[in-house]
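Read the structure below first, then the notes.
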């Protein structure tokens with residue numbers, strides 16, 4: 001049955017209403033919230049807030065959050081969920097069955113800044129958090145860090161997912177009484193009857209034990225590497241290596257599902273694309289399967305890459321490459337796989353650590369052969385970065401013993417200018433020719 005009359009929609013018996021007081025990177029586990037507006041990936045602070053993370057994961061893994069919805073939206077402040085569920089069999093709403101409250105784990109080192117997720121709790125009781133959580137839409141530390149013992153931040157929304165969070169925050173809001181005075185609504189409500197389709201439903205949240213996103217390499221074989229982009233439990237792997245002649249070449253594993261401590265997927269080589277210095281055509285682009293690859297991780301920062309490429313088997317020890325250690329990080333993290341949807345076939349992987357972005361750009365030469373460039377030190381600001389662009393040659397293919405690379409050859413420069421966390425422009429000069437491309441985060 002449908003919700004009827006706004007003033008009588010929610011007939012819910014509440015022992016107590018949990019409220020977030022209104023205004024008077026990352027560790028391993030990722031939780032994916034598939035909402036009716038889009039997917040939100042939450043990177044949890046396992047080590048920094050273990051009690052709160054365990055509480056949140058208990059609700060996720062037990063299915064308690066299934067069919068819950070965002071029940072509160074305060075634009076410019078927070079969106080809130082974890083409190084109420086739509087029942088498909090009855091068409092009614094009920095409260096989430098809560099576990100015992102947990103002790104507060106607030107720390108000033110984990111401020112309520114934009115994009116973080118924190119626990120809601122009852123006013124005047126710092127240790128009252130149960131199931132409800134909220135995502136900060138702005139830097140709310142001055143409001144929330146010193147209130148009611150501080151609101152415990154226990155994770156952050158992946159940079160790629162903030163566009164979905166902001167979309168929810170832009171939904172129209174209705175006051176339907178009870179705890180739903182700031183309810184975000186999707187689409188048009190017909191005859192004052194709210195249906196499931198009118199709610200920002202979170203269907204089936206899932207936890208991914210480890211997050212392996214980042215730049216990986218073998219420190220003894222500097223000159224090749226791979227960018228791992230993780231959305232939920234899917235890794236997109238872009239490998240930057242060399243052919244038999246020592247020329248740069250790239251391969252991709254476009255769909256590598258994480259199971260336990262690793263993933264396996266097909267390896268592809270792309271040919272026939274357009275070089276970046278001319279308008280994209282790409283009609284001749286061919287994607288060819290050349291083998292398979294398996295990533296097996298012993299922990300979140302080391303593992304082994306085993307592969308078969310062109311019928312030659314091999315393996316490489318790999319570790320996360322650490323290159324940023326500044327405490328001055330910009331407000332946004334642009335780590336992700338970026339592309340232009342109208343020019344499918346090329347892309348750029350951005351890995352941001354502190355205030356440095358490492359950009360690995362996979363594209364094509366004038367003959368349509370795959371080639372890659374890298375900006376290894378692109379100082380990040382809140383709106384982008386600018387740095388020199390290099391081409392590397394002389395390395396060995398993955399299937400041969402490593403022999404080192406030639407000194408990096410500068411080919412120009414590159415600039416990333418972001419208009420918001422999910423969109424921007426990539427401007428560059430390659431071998432004296434300047435051009436630019438619109439880019440956006442690739443959602444998969």
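Among the residues of segment 141-150, just one is under 14 Å from residue 77 (Cα atoms) and crowded, with 20+ Cβ neighbours inside 10 Å, namely 144. Restricting attention to segment 139-159, the residues that are more than 20 Å from residue 350 (Cα to Cα) and part of a loop (DSSP other than H, G, I, E, B) total 10. Test of understanding: among 142, 167, 158, which residue is touching a strand residue (DSSP E or B) at 6+ places or on another chain (Cβ under 6 Å) and outside the structural domain of residue 333 (by TED's automatic domain parsing)? Checking each option against the conditions leaves just 158. Return the residue satisfying two criteria in turn: it lies in segment 11-33 and is assigned to a strand (DSSP E or B) and modelled with pLDDT under 90, and of such residues it is surrounded by the fewest Cβ atoms within 10 Å (Cβ to Cβ). By that ranking, first place goes to 19. Restricting attention to segment 184-222, the residues that are more than 30 Å from residue 324 (Cα to Cα) and either part of a loop (DSSP other than H, G, I, E, B) or over 18 Å from the mean Cα position of the chain (by Cα) (or both) total 21. Being surrounded by fewer than 22 Cβ atoms within 10 Å (Cβ to Cβ) and within 17 Å of residue 215 (Cα to Cα) is a property that holds for residue 379.
Take the conditions buried (at least 19 other Cβ atoms within 10 Å of the Cβ) and either within 21 Å of the chain's Cα centre (by Cα) or on the phi > 0 side of the Ramachandran plot (or both) and apply them to residue 356. Does it pass?
Considered against the rule, which asks whether it is buried (at least 19 other Cβ atoms within 10 Å of the Cβ) and either within 21 Å of the chain's Cα centre (by Cα) or on the phi > 0 side of the Ramachandran plot (or both), residue 356 comes out as yes.
Kindly provide the set of residues from segment 53-67 that are out of contact with any strand residue (DSSP E or B) (no Cβ under 7 Å at 6 or more places or on another chain) and part of a loop (DSSP other than H, G, I, E, B), ordered by number. Passing the criteria: 62, 63, 64, 66.
So which residues in segment 160-183 are touching a helix residue (DSSP H, G or I) at 6+ places or on another chain (Cβ under 7 Å) and assigned to a loop (DSSP other than H, G, I, E, B)? Within segment 160-183, 176, 177 qualify.
Restricting attention to segment 239-256, the residues being within 20 Å of the chain's Cα centre (by Cα) and surrounded by 22 or more Cβ atoms within 10 Å (Cβ to Cβ) number 4.
What pairs can you find where one residue is in segment 285-297 and at positive phi, the other is assigned to a strand (DSSP E or B), and their Cβ atoms are less than 7 Å apart, with a gap of 6+ or different chains? From segment 285-297, the pairs are 291/267; 291/307; 291/308; 291/309.
The values are calculated or read from the model by the stated rules, or taken from the named source; none is laboratory data. All figures in this text were calculated on a predicted structure; none of them were measured in a lab. FYI the Cβ positions are ideal-geometry reconstructions off the backbone, even for glycines, and counts take in every protein chain you see.
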